Amino acid sequence: MIPIRYVEPVFRPPSEAESLILPVTDGCSWNRCRFCEMYTAPQKKFRARDEDEVLQGIRLTGERYGGQVQRVFLADGDALVLPTRRLLNILAAIRTHLPAVRRISSYCLPRNLRKKSQAEIDELAAAGLALVYVGAESGDDAVLAAVDKGETFESTRAALDKLGAAGIKRSVMILNGLGGRALSQQHAENSARLMNATQPEFLSTLVVSFPKGEGRLREGFAGWEPLAQRELFVEMECFLSGLELERTVFRSDHASNWLILKGTLGADKARLLREVRQAIAAPEDAHLRPAWARGL
């Protein structure tokens, strides 16, 4: 057994499937986004983990599995909310007790970098923080306000620029359909504009979904109506058309996506657009994921 205390449910990005999940906080410090159901369980109220507990967990894990752990993901929703000093202590303990680790990553809310200077972000990068996952969700201020994201185009851009300047790789997620029918086009266009301005190393899209119902979103987003399958593809075409990326790995293969898209932007932009347009024109020939396999 891994000598680390977990509070269920535990979340991590798909690409962290082989990583040691190391909770340094519980829950999410914002936890007000109307589309998010990740940290709504009563036991997931936000709190910073006791530093001694975290450091002991690293030490004991190192004693048992030190040579086997190659990746560490700092959980929960936004580890970078912690003071820089505490994060540096955690990163130093990982280097000491888990010497085989080659990558340390974390979720990050853009708001949590506002009070951190560029020098602090540079320190974190030098100490081993290599990859950060940023749920931008949208680059459109009207959409962000309607879903109570607590961010703007500019706040997200500033955070991504800080991370990029430090050499920390950025994996950004955009939610297909988040703007509903009324704001679909501006959601796509401004999300593409945000990506062009920041040039992240990784970009993914998920289809917004509500296993527990849409009530919470509709309370703050008057008139929101979900996009039908074809409308999701039209929005995706608009988004991809607006992207001017140089070397960004793009994935739209989450279980929520009807159409699986993979490539590098901009090298594969023309092919990806062809695949989306095929799905718009003739979905029966587009090899779509069946509804039962969408894992929602």
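What to note about this one:
- Filtering the stretch 223-237 for residues that are within 24 Å of Leu131 (Cβ to Cβ), touching a residue at least 12 places away in the same chain (Cβ under 8 Å), assigned by TED's automatic domain parsing to the domain that holds Ala142 and buried (at least 16 other Cβ atoms within 10 Å of the Cβ) leaves an empty set.
- Complete set of residues in the stretch 204-221 that are part of a loop (DSSP other than H, G, I, E, B) and modelled with pLDDT under 90: Ser209, Phe210, Pro211, Lys212, Gly213, Glu214
- Glu151 being part of a helix (DSSP H, G or I) and in contact with a helix residue (DSSP H, G or I) (Cβ under 6 Å, 6 or more places away or on another chain): no
- Selection status of Glu37, touching a residue at least 60 places away in the same chain (Cβ under 8 Å), surrounded by fewer than 16 Cβ atoms within 10 Å (Cβ to Cβ) and either in contact with a Lys or Arg (Cβ under 9 Å, 6 or more places away or on another chain) or within 26 Å of Lys212 (Cβ to Cβ) (or both): yes
- Hey, Ser155 outside the structural domain of Leu74 (by TED's automatic domain parsing), under 26 Å from Trp224 (Cα atoms), at pLDDT 95 or above and surrounded by 22 or more Cβ atoms within 10 Å (Cβ to Cβ) or not: no
- Residue check, Met236 closer than 30 Å to Leu91 by Cβ and aliphatic (A, V, I, L, M): no
- Complete set of residues in the stretch 168-209 that are of a type in the set (Gly, Ala, Ser) and under 19 Å from Ser15 (Cβ atoms): Ser171, Ser204
- Looking only at residues in the stretch 254-270 that are polar (S, T, N, Q) and in a loop (DSSP other than H, G, I, E, B), the one that is nearest to Val234 (Cα to Cα) is Asn257.
- Filtering the stretch 123-180 to residues that are under 23 Å from Leu240 (Cα atoms), acidic (Asp, Glu) and in contact (Cβ under 8 Å) with a residue 12 or more places away in the chain leaves Glu137, Asp140, Asp141, Glu151, Asp161.
- Just one of the listed residues (Arg289, Arg274) is part of a loop (DSSP other than H, G, I, E, B), farther than 23 Å from Gly139 by Cβ and either assigned by TED's automatic domain parsing to the domain that holds Asn196 or of a type outside the set (Asp, Glu) (or both), and it is Arg289.
- Asn257 vs. criteria touching a residue at least 24 places away in the same chain (Cβ under 8 Å) and surrounded by 17 or more Cβ atoms within 10 Å (Cβ to Cβ): yes
- In the condition set (1) crowded, with 22+ Cβ neighbours inside 10 Å; (2) more than 26 Å from Pro290 (Cβ to Cβ), Ile174 is compliant with all but (2).
- No other residue among Ile58, Ile2 is modelled with pLDDT under 95, among the β-branched types (Val, Ile, Thr), at negative phi and over 20 Å from the mean Cα position of the chain (by Cα) apart from Ile2.
The values are calculated or read from the model by the stated rules, or taken from the named source; none is laboratory data. Quick caveat: nothing in here was measured; it's all calculated off a predicted structure. Here the Cβ is made from the backbone with ideal geometry for all residues, glycine too, and neighbour counts use every protein chain on show.
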